[in-house]
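The values are calculated or read from the model by the stated rules, or taken from the named source; none is laboratory data. The model shown is predicted, which means the values in this text are computed figures rather than measured ones. Here the Cβ positions follow ideal geometry from the backbone for every residue, glycine too, while neighbour counts run over all protein chains shown.
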Amino acid sequence: MSEQFTEKESTASQQADVTIVGGGMVGASLALLLSSLNLGWRIQVIEAFPVSAASPDTLQPSFDARSTALSHSSREIFEILGLWKTLNTRLADIRDVHVSDRGHIGSTRLRAEEQNLPALGYVVENQWLGSVLMEALQGSDNIEIIAPATVEEVSPVQGGTELCLSTGLDITTKLLVIADGAQSNTREKLGIDATTNDYGQVAVVANVSLSQSHNNIAYERFTDSGPMALLPLLPINEASIDNVGLDKEYRSALVWTLPPERAEEVIAASESEFLALLQDRFGHRLGQFKRVGSRHSYPIRLITSNEQVRSNLVVVGNAAHSLHPVAGQGFNLALRDVAVLANELALAADAGSELGELKVLQGYIERQQMDQKQTILLSDLLPKVFTIGAAPIALARNLGLLALDAVPLFRHQFARLGMGLETRGTLLDKSLSHNQPQKVSQHG
Ligand SMILES: Cc1cc2nc3c(=O)[nH]c(=O)nc-3n(C[C@H](O)[C@H](O)[C@H](O)COP(=O)(O)OP(=O)(O)OC[C@H]3O[C@@H](n4cnc5c(N)ncnc54)[C@H](O)[C@@H]3O)c2cc1C
C-alpha cells in the first residue's frame with residue numbers, strides 16, 4: 001500500500017526519484033505508468049486535495065461532474081495499465097459521431113462500423129475515472145501520495161529540484177513533473193511563462209436526460225454562439241450501483257459553449273427554461289430533453305506553457321497545454337504525452353542515463369511535438385471556423401461537411417484524427433508495452 005502523509009511532517013528531508021505535483025487525471029496516470037516500469041524509482045504524487053478512492057464525491061477538481069470522451073489512444077494506454085477492464089464497466093461507447101452546423105444544410109456522420117471499429121471513442125464520467133485512478137494509486141507499492149499538500153517553495157539544485165511543502169516536508173527530487181493544471185502555481189514559481197488566448201467563451205456542462213435512447217451517437221453541433229456537444233452516457237441505472245431499480249433513464253453529457261453573459265443566463269435559468277433553450281439550439285435529434293442535472297461552467301482559454309522541459313523538470317497535462325474542449329482532445333493528448341514521456345525515461349534508464357537529463361527530456365518533446373501541434377491546431381481552429389457567420393466562409397465549411405459526408409476517405413482521415421490514431425506516432429515501443437502492470441484495480 002502506498003503511504004499517505006496527511007499530518008504536518010517533521011522538517012526532515014526526503015530524497016525522491018520522480019515527484020509529480022498534481023494528482024489530477026494526468027499526474028495520476030503518469031505516476032501509474034512510471035510505477036508499471038518497475039525500475040525501482042521512488043515516485044511521489046503531491047496533491048492539494050485529500051485523496052480517497054472510497055469517496056468519489058470529494059475527489060480533487062479533475063474528477064468533478066464532467067465527462068470525458070476517451071480516444072483509442074487512451075484506451076490503449078489504460079489497457080497497458082490494466083485499468084481498461086474496470087473502466088469499461090461504466091463507459092458508454094461512441095458508435096457514431098454526428099457533426100452539423102445549425103441553420104445550414106451541411107452535416108456528416110462518422111460511423112465506427114465504417115472504420116471497422118467497435119467504437120469511435122468512449123465516454124467516461126470523471127468521477128468514475130477518478131475513483132479507478134485513485135484506487136490504483138493507493139494500491140501501488142512504489143507510489144507515495146502526499147495529500148493534502150501544496151508546494152510552498154521550489155528551486156533547482158545540482159542534479160535535481162528542491163521542494164518545500166505546506167506540510168513542512170522538504171524533498172529533493174531528480175525529476176520534478178509539474179501537473180498542477182492550467183493555472184499552475186509551480187510553473188509560475190519557477191518563472192515559466194505561459195501564453196493565454198482567451199476565446200471569450202464559457203463551457204456550460206450538465207447531464208441531461210432524454211425521452212429516447214441516444215443510440216450511442218455523439219453529437220457535435222456548431223451554432224453561431226459556439227459549439228455544443230452531447231455525448232452518450234450509460235443509462236442511470238447502469239451507470240450507478242446506487243440507483244439500481246430506477247427506470248432506465250437515457251442520458252447525455254452536454255458541453256455547451258456560449259459567450260459569458262449567455263452562459264450566466266442559462267446557468268441561472270429554471271429547469272424548464274433551460275430545457276426549452278437547449279431544445280431550441282439543438283433541435284430534436286435526441287427527442288425531448290426531460291431533466292437537467294447540476295450545471296457547471298468553465299471559462300475557455302488556450303493556455304500553452306512557453307517551456308515544457310528544463311534539466312530535471314517537465315511540465316505536463318493542462319499545465320503544459322490547456323485546450324478548447326470542443327474536440328474532446330485535452331486529456332487524450334496529455335495521456336499520449338505522458339505515455340511517451342514514460343517510454344523515453346525507460347529507454348534512457350536502460351541506456352544508463354541519469355534521471356532528469358535534459359537531452360532525454362528534449363527527446364520526449366521532439367517525439368511529441370507534431371502530435372501536440374496538430375491537436376492544438378485542430379482544437380483551436382474548429383470553434384473559430386464554425387463561429388464565422390460571413391456567407392463565403394459558412395458556404396465553405398458546409399461544402400467541407402458535405403464533402404466529408406460524401407467521401408469515405410476524408411471521413412476516415414477525420415475519424416482517425418479524432419481517435420488520436422493519426423497523430424500518436426509510435427506511442428509505446430519497447431519498455432512500456434513489455435512491462436506488465438504492477439497492480440490491477442480491485443474494482444469489479
Ligand atoms: C468542459 C470540459 C470538457 C472536457 N472534455 C474533454 C474530453 O471529452 N476529452 C478530453 O480528452 N479532454 C477533455 N477536457 C480536458 C481535460 O479535462 C483536461 O485535459 C484534464 O482535466 C487535464 O488534467 P490535468 O491533470 O492536467 O489537470 P487538472 O485536471 O487541472 O488537475 C490538476 C490537479 O493538480 C492539483 N493541484 C493544483 N494546484 C496544486 C498545487 N499547488 N499543489 C498540488 N496539487 C495541485 C489539483 O487539485 C488537481 O487535482 C475537457 C475540459 C473541459 C473544461
Seminar exercise, completed: Across (1) within 19 Å of the chain's Cα centre (by Cα); (2) closer than 13 Å to LEU32 by Cβ, VAL124 clears everything bar (2)
For this session: Tally the residues that are over 16 Å from the mean Cα position of the chain (by Cα) and assigned to a strand (DSSP E or B), restricting the search to the stretch 320-379.
Result: 0
For this session: Only residues that are near the ligand (Cβ under 10 Å from one of its atoms) and either touching a Gly at 6+ places or on another chain (Cβ under 7 Å) or in a strand (DSSP E or B) (or both): list them for the stretch 164-185, please.
Result: LEU165, ILE178, ALA179, ASP180, GLY181
Exercise. In the stretch 84-96, how many are touching a helix residue (DSSP H, G or I) at 6+ places or on another chain (Cβ under 9 Å) and either within 16 Å of the ligand (Cβ to nearest atom) or in a helix (DSSP H, G or I) (or both)?
Worked result: 8
For this session: Look through SER2, SER10 and report the one residue that is more than 13 Å from the ligand (Cβ to nearest atom), assigned to a loop (DSSP other than H, G, I, E, B), modelled with pLDDT under 95 and surrounded by 18 or more Cβ atoms within 10 Å (Cβ to Cβ).
Result: SER2
Problem set entry | Residue within the stretch 283-297 that is hydroxyl-bearing (Ser, Thr, Tyr) and out of contact with any Gly (no Cβ under 9 Å at 6 or more places or on another chain) present | yes
Problem set entry | Where a residue in the stretch 163-181 is more than 11 Å from GLY22 (Cα to Cα) and of a type in the set (Lys, Arg) and its partner, wherever it lies, is part of a strand (DSSP E or B) and more than 10 Å from the ligand (Cβ to nearest atom), with Cβ under 9 Å and at least six apart | LYS174/GLN15; LYS174/ALA16; LYS174/ASP17; LYS174/VAL18; LYS174/THR19; LYS174/GLY160; LYS174/THR161
For this session: Only residues that are over 17 Å from PHE49 (Cα atoms), surrounded by fewer than 24 Cβ atoms within 10 Å (Cβ to Cβ) and among the acidic types (Asp, Glu): list them for the stretch 122-143, please.
Result: ASP141
Exercise. Do you know which residues across the stretch 43-74 are modelled with pLDDT of 90 or more and away from the ligand (no atom under 12 Å from the Cβ)?
Worked result: ILE43
Seminar exercise, completed: Taking the stretch 341-387 and keeping residues modelled with pLDDT of 95 or more, basic (Lys, Arg) and over 17 Å from SER73 (Cβ atoms) leaves LYS359
Seminar exercise, completed: Filtering the stretch 317-340 down to residues that are under 14 Å from SER73 (Cβ atoms) and within 9 Å of the ligand (Cβ to nearest atom) yields ALA327, GLY328, GLN329, GLY330, PHE331, ASN332, LEU333, ALA334, LEU335
Seminar exercise, completed: Among residues of the stretch 145-163 being surrounded by fewer than 20 Cβ atoms within 10 Å (Cβ to Cβ) and more than 12 Å from the ligand (Cβ to nearest atom), the residue farthest from ASN38 (Cα to Cα) is SER155
Problem set entry | Residues of the stretch 262-316 classified as in contact with a helix residue (DSSP H, G or I) (Cβ under 7 Å, 6 or more places away or on another chain), in a helix (DSSP H, G or I) and away from the ligand (no atom under 16 Å from the Cβ), total | 2
Exercise. So which residues in the stretch 186-214 are more than 10 Å from the ligand (Cβ to nearest atom), out of contact with any Gly (no Cβ under 9 Å at 6 or more places or on another chain) and assigned to a strand (DSSP E or B), if there are any at all?
Worked result: ALA194, THR195, THR196, ASN197, ASP198, GLY200
Problem set entry | Positions within the stretch 183-201 being of a type in the set (Val, Ile, Thr) and buried (at least 22 other Cβ atoms within 10 Å of the Cβ), in sequence order | THR186
For this session: Those residues that are touching a helix residue (DSSP H, G or I) at 6+ places or on another chain (Cβ under 9 Å), in a helix (DSSP H, G or I) and not aliphatic (A, V, I, L, M), I need them from the stretch 113-162; list them, please.
Result: GLU114, GLN115, ASN126, GLN127, TRP128, GLY130, SER131, GLU135
